[in-house]
Ligand SMILES: Cc1cc2nc3c(=O)[nH]c(=O)nc-3n(C[C@H](O)[C@H](O)[C@H](O)COP(=O)(O)OP(=O)(O)OC[C@H]3O[C@@H](n4cnc5c(N)ncnc54)[C@H](O)[C@@H]3O)c2cc1C
Ligand SMILES: Cc1cc2nc3c(=O)[nH]c(=O)nc-3n(C[C@H](O)[C@H](O)[C@H](O)COP(=O)(O)OP(=O)(O)OC[C@H]3O[C@@H](n4cnc5c(N)ncnc54)[C@H](O)[C@@H]3O)c2cc1C
Ligand SMILES: Nc1ncnc2c1ncn2[C@@H]1O[C@H](COP(=O)(O)O)[C@@H](O)[C@H]1O
């Protein structure tokens, strides 16, 4: 092998980059996977719930080798207001019997494992390397730059995350606009396993995933909690523009959320072991850049702004893996570099990534209904309070009591227009 | 008969070593031999209760060069315990002597006692993150940092003093020696300290800290980076595992993050105050009082408020 | 053209070590390995010396099975070859055992003109290894160096000590330990990182060093390791008005009798 020419250079050892490198290396390609962190995963902050189908697409049963935490069997949605919470709880221990539907993961472990899988198939993994430029010749991308060093390849694949510098350098899209990304803050809290299982009502290998709205000071956004082995991942994702307008610091809102009477007992007695903030693509299908390729260059994963956030589920890692696979298959399919880009787009369709993104195309509009983030959670709790209050006084008629709860929080006009908007978004 | 040996090229530290040496003498019932590089030191140590003090007389000026000569004395006295003052020179000599004795050594012992034929010391690990007990089989060497112990009062009956001529390591040539300036202040005895870190953007900005220190009647201290990388303050003013250990009534830490390697040197201060822009900086966990804010804004206000 | 050997230790990153609140024991389960901080300065200094004077640098490390993780890292920082000893005994090794093992390895792979160590390891910070090596190898030792240069066989250095600096010089071979201020370790470039996988590494088996069993028995053993926790008031003022914060702090200082 020539010393400084590879079949493919992949920049970024997150799930997208590693999935791509793994697939290419397994098929005998000479692959270089570059990561700026000291090790794969060392810079990654993520809530940590991985939908397993993605690994299954990569290779049947691969998930069995992966360092997974707990199998999610309990889905919980919390509507919080200042005083209390209303929780919807869906429990099914057999959820996703054949291939489990999803697992909680710890990114530092998952990413290191994933890059190691690529390495064991012959990919060269070099960490501590910041890629800061592309080599362009006669309109084609032919390699990358890192400081004074250059390295060439038939194809460069940008898996460099939501702030993709390489995508910008290739001229495919501008710097991520503030309204296109959310800000996620996340903390890992160590707790004994038996406490976690008891607090979330699951068995030792099983886990729960919670999302919560009504905890963001009215800012568009929501919170999540995942149970791991011996720790809990807890975090909030905010709309960046709205968060920036707020006077209060994001950390303080996060702190309040952790101290909420319905949340605090879940994490009580734990030790914070990790804290970080990271951006997330926010706009779903509409945020995906028009062009994701040039000759000699593909963009995958968060760099391509693949991401689905319905408020109930956050998906990014699975889409990153699928897009990495799509890129690898495109590269493997042809010897003619000018076609790789189109083939990549076809693979995204074939692997249903595009269809998944499109299905939630208008979903983001829901988040423009600001009342979702305070008025409605309040309403739910007011209604619950009314329904469950027994104080010996003459109860109000059911309908007028509930109507009172509605009226205190929204007008009928707002309710109608929000309902219509929500309906259209779905 | 086996004995306890002490040595430090620093006269004050040598006197402090007499305290643990006398305690160990109690439990081991072995005589103390003090080694010194000047006759005056030897006499002083004999006066503090060393049974025997030896003035190692040599032509060589390079302190570390007497390591082999010290080992010879240790050997002669069949020492069971060797206590050496934990200066950088002292640690070098101690490690050399320990290797020659084929003995174990504990570095920067905070407490010492003998139990079941072992020297037990408490010391820090991971630069201060943890404390542990280290047990060293006898014969054992320990280094002790300045001010870990107070010097004992004069003994009722002073020991004997002897002078021997020794050879020093001739392989090393000592050239220019430049003492640090600023020898006047000793931050380890200051009642109040204002400690500065990399939050200061340039040397001139230290004025802000100096003014605050002036109204508080405090001395300036700093982190390692300020002394060793920036050279903005003398090395004798930096606090931490590889710097000074201080225990003032007030330790006002400004623009320093509070990494454990630094805090281990000041965490026994009575009151710790922090000023830092980063609410998550570890210094706030270590502080009694703190202001989350920009030192460039806070210090002038604080100085003015305290002047009133 | 000095032949240099740099001794480095693969340690746990103390920033990842947590103190368990229940019993103050240490939890290192999330801790990653790293080349001990000051050893990076030693490696860099050796690389600089060789860039200037010619010659060659090798690296040597003794640790548990995890030292293998360090090989690419150290080779990307300059050394041409790394010798490694992976043995479970390293887990509880004290400075005496470490020096015995390193000295025996140096006798086997040496001789070297210049043996470089860091000022202290970031976990134990014994600050013993360099001086012990000099005693065991019977060669002089210059510790705590702020500056180092080599001309022919003469090694000149500036030591930085509590009371000032001193210039020293000596004829090689010599063991030295360097301070962190002696240089700024480079961040390996892409080519250096990739080049590291092509450089040789050689495992040395402890059994092949001809050490007596007692040379491997630690004389110093550590027990009752407890995390250090501060008991502090943690009264933090973080209002947006700096003047308010200052006023509150002043009141706090007054209540402590400090002003
Ligand atoms: C708080 C939070 C919670 C989340 N929760 C979930 C969840 O529960 N489930 C889910 O599926 N998704 C979740 N996501 C989204 C998920 O984290 C991302 O979609 C996913 O990490 C994308 O993977 P990637 O490989 O494309 O990019 P990344 O994981 O961001 O990886 C990019 C890699 O490239 C490296 N890199 C960047 N630039 C360079 C450069 N110039 N040179 C070299 N290397 C470079 C980075 O260091 C990084 O390792 C969450 C995100 C956040 C912020
Ligand atoms: C083995 C070993 C031994 C060591 N020994 C020592 C030692 O003895 N002593 C020692 O000090 N260090 C020692 N160190 C280094 C130590 O780990 C830290 O790196 C060092 O103490 C950090 O110095 P700092 O706080 O000045 O700088 P930083 O860690 O960079 O902190 C600067 C702080 O200033 C804050 N800041 C920035 N701007 C402002 C502003 N405008 N207003 C207010 N705050 C601001 C920042 O938020 C930050 O918290 C050692 C390290 C090792 C590995
Ligand atoms: N296990 C080891 N392997 C190689 N070098 C070591 C080892 N332990 C210590 N050293 C070297 O000795 C120096 C001082 O270590 P210490 O005496 O433990 O403070 C370190 O900075 C290293 O250069």
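Miscellaneous remarks
- Taken as a whole, the structure leaves residue B:264 outside the set of residues that are in contact with a strand residue (DSSP E or B) (Cβ under 9 Å, 6 or more places away or on another chain), within 12 Å of chain C (Cβ to nearest Cβ) and closer than 24 Å to residue C:251 by Cβ.
Quick grid of which residues meet (1) away from ligand 1 (no atom under 16 Å from the Cβ); (2) part of a loop (DSSP other than H, G, I, E, B); (3) over 23 Å from residue B:13 (Cα atoms); (4) not assigned by TED's automatic domain parsing to the domain that holds residue B:257:
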position: B:199; (1), (2), (3), (4): yes, yes, yes, no
position: B:206; (1), (2), (3), (4): yes, no, yes, no
position: B:209; (1), (2), (3), (4): yes, no, yes, no
position: B:221; (1), (2), (3), (4): yes, no, no, no
position: B:233; (1), (2), (3), (4): yes, yes, yes, no
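- Only one of C:198, C:226, C:191 that is surrounded by 14 or more Cβ atoms within 10 Å (Cβ to Cβ) and not in a helix (DSSP H, G or I): C:226
- Qualifying positions in the range B:125-148 - touching a helix residue (DSSP H, G or I) at 6+ places or on another chain (Cβ under 6 Å) and within 7 Å of chain C (Cβ to nearest Cβ): B:126, B:127, B:128, B:129
- Pairing residues of the range B:1-18 that are surrounded by fewer than 20 Cβ atoms within 10 Å (Cβ to Cβ) with residues that are outside any strand (DSSP E or B), at Cβ distances under 6 Å and at least 6 apart in sequence or on separate chains, gives B:2/B:30; B:2/B:78; B:11/B:41.
- Unmet criterion (only one of (1) within 14 Å of another protein chain (Cβ to nearest Cβ); (2) assigned to a strand (DSSP E or B)) for residue B:168: (2)
- Residues of the range C:83-113 classified as more than 11 Å from ligand 3 (Cβ to nearest atom) and either within 22 Å of residue C:53 (Cβ to Cβ) or not assigned by TED's automatic domain parsing to the domain that holds residue C:210 (or both), total: 5
- Matching option when the condition is over 20 Å from residue A:9 (Cβ atoms) and within 14 Å of chain C (Cβ to nearest Cβ), among A:106, A:125, A:129: A:106
- Among the conditions (1) away from ligand 3 (no atom under 14 Å from the Cβ); (2) crowded, with 23+ Cβ neighbours inside 10 Å, the only one that residue C:147 does not satisfy is (2).
- Residue check, residue A:156 buried (at least 17 other Cβ atoms within 10 Å of the Cβ) and either within 11 Å of chain C (Cβ to nearest Cβ) or farther than 15 Å from residue A:8 by Cα (or both): no
- Qualifying residues in the range B:270-283 (those that are without any contact (Cβ under 8 Å) to a residue 40 or more places away in the chain and surrounded by fewer than 24 Cβ atoms within 10 Å (Cβ to Cβ)) - the one farthest from ligand 1 (Cβ to nearest atom): B:270
- Some residue of the range A:29-45 being touching a residue at least 24 places away in the same chain (Cβ under 8 Å), within 24 Å of residue A:258 (Cβ to Cβ) and not in a strand (DSSP E or B): yes
- Tallying residues that are within 9 Å of another protein chain (Cβ to nearest Cβ), more than 19 Å from the chain's Cα centre (by Cα) and more than 20 Å from residue B:18 (Cβ to Cβ) within the range B:97-124 yields 7.
- Condition met for residue B:251 (over 27 Å from residue C:147 (Cα atoms), without any contact (Cβ under 8 Å) to a residue 60 or more places away in the chain and crowded, with 20+ Cβ neighbours inside 10 Å): yes
- Here the range A:221-251 is the region considered, the condition is being more than 16 Å from ligand 1 (Cβ to nearest atom) and within 14 Å of chain B (Cβ to nearest Cβ), and the residue that is farthest from residue C:29 (Cα to Cα) is A:248.
- Residue list for the range A:360-394, restricted to those being at pLDDT 80 or above and exposed (fewer than 14 other Cβ atoms within 10 Å of the Cβ): A:387, A:388, A:389, A:390, A:391, A:392, A:393, A:394
- Residues located in the range C:219-259, provided they are at pLDDT 95 or above, more than 7 Å from every other protein chain (Cβ to nearest Cβ) and under 30 Å from residue C:17 (Cβ atoms): none
- Conditions (1) more than 16 Å from ligand 2 (Cβ to nearest atom); (2) within 24 Å of residue B:173 (Cβ to Cβ); number of the one not met by residue C:144: (1)
- Residues in the range C:90-121 that are touching a helix residue (DSSP H, G or I) at 6+ places or on another chain (Cβ under 8 Å), surrounded by fewer than 22 Cβ atoms within 10 Å (Cβ to Cβ) and more than 24 Å from residue B:94 (Cα to Cα): 1 in all.
Table: residues versus (1) surrounded by 17 or more Cβ atoms within 10 Å (Cβ to Cβ); (2) in contact (Cβ under 8 Å) with a residue 40 or more places away in the chain; (3) touching a helix residue (DSSP H, G or I) at 6+ places or on another chain (Cβ under 8 Å).
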{"position": "C:2", "(1), (2), (3)": "yes, yes, yes"}
{"position": "C:9", "(1), (2), (3)": "yes, yes, yes"}
{"position": "C:25", "(1), (2), (3)": "no, yes, no"}
{"position": "C:46", "(1), (2), (3)": "yes, yes, no"}
{"position": "C:54", "(1), (2), (3)": "no, yes, no"}
{"position": "C:59", "(1), (2), (3)": "yes, yes, yes"}
{"position": "C:70", "(1), (2), (3)": "yes, yes, no"}
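The values are calculated or read from the model by the stated rules, or taken from the named source; none is laboratory data. Owing to the predicted nature of the structure, the values given are computational and were not obtained by experimental measurement. Methodologically, a virtual Cβ is constructed for each residue, glycine included, from the backbone with ideal geometry; neighbour enumeration extends over all protein chains shown.
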